[in-house]
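Reviewing the structure listed below.
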Amino acid sequence: MAAGKKDNALCNATIVHEDILEKVKGEMTADDTIYDMAALFKVMGDPTRLKIINALLLSEMCVCDLAALLNMSDPAISHHLKTLRQTRLVKYRRDGKSAYYSLNDEHIQMLFDQCLSHVKE
């Protein structure tokens, strides 16, 4: 931007458009839902958890496999998986002494794919 020029993106008007405000207020997502969405983005904002999600997009895996894949300790992976479970991004099934993790549903793949597509744009 050239020196001395004002940012044209700022609104210099003092007129409030009541009709627009009322329409938007009536269609806004509920605060509780917004907070849940923010929590989901916060969980997905961690690179290690995104790597776990990426791996689970490709195959169901146990903690040991994920730890070996990401070169991390089992407890560190378990900690991340607990967070992912709490936000219902992953689920697990028991098979004897092992627990195998997978994505909770197809929405997680859609979230991952949309984010990946946006970043690659």
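Nothing in this text is a laboratory measurement; each read-out follows from the coordinates by a stated rule. Fair warning: this is a prediction, and the values are worked out from it, not measured in the lab. Cβ sites come from the backbone with ideal geometry, for glycine too, and all protein chains shown count toward neighbours.
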**Some residue of segment 89-112 being closer than 16 Å to residue 47 by Cβ, polar (S, T, N, Q) and in a helix (DSSP H, G or I)** = no
**Asked** In the list 39, 76, 68, which residue meets the criterion of being assigned to a helix (DSSP H, G or I), free of Cβ contacts under 8 Å to residues at least 60 places away in the same chain and under 20 Å from residue 107 (Cβ atoms)?
**Response** 39
**Request:** Restrict the check to segment 57-64 and report whether at least one residue is without any contact (Cβ under 8 Å) to a residue 40 or more places away in the chain and in contact with a Cys (Cβ under 9 Å, 6 or more places away or on another chain).
**Result:** no
**Message:** residue 108 - would you say it is closer than 15 Å to residue 49 by Cβ, more than 13 Å from the chain's Cα centre (by Cα), among the β-branched types (Val, Ile, Thr) and surrounded by 15 or more Cβ atoms within 10 Å (Cβ to Cβ)?
**Reply:** no
**Request:** Run residue 51 past the list (1) assigned to a helix (DSSP H, G or I); (2) over 18 Å from the mean Cα position of the chain (by Cα); (3) surrounded by 15 or more Cβ atoms within 10 Å (Cβ to Cβ) and report the number of the one that doesn't hold.
**Result:** (2)
**Message:** As an exercise: evaluate residue 25 against (1) without any contact (Cβ under 8 Å) to a residue 12 or more places away in the chain; (2) touching a Cys at 6+ places or on another chain (Cβ under 8 Å) and give the number of the one condition it does not meet.
**Reply:** (2)
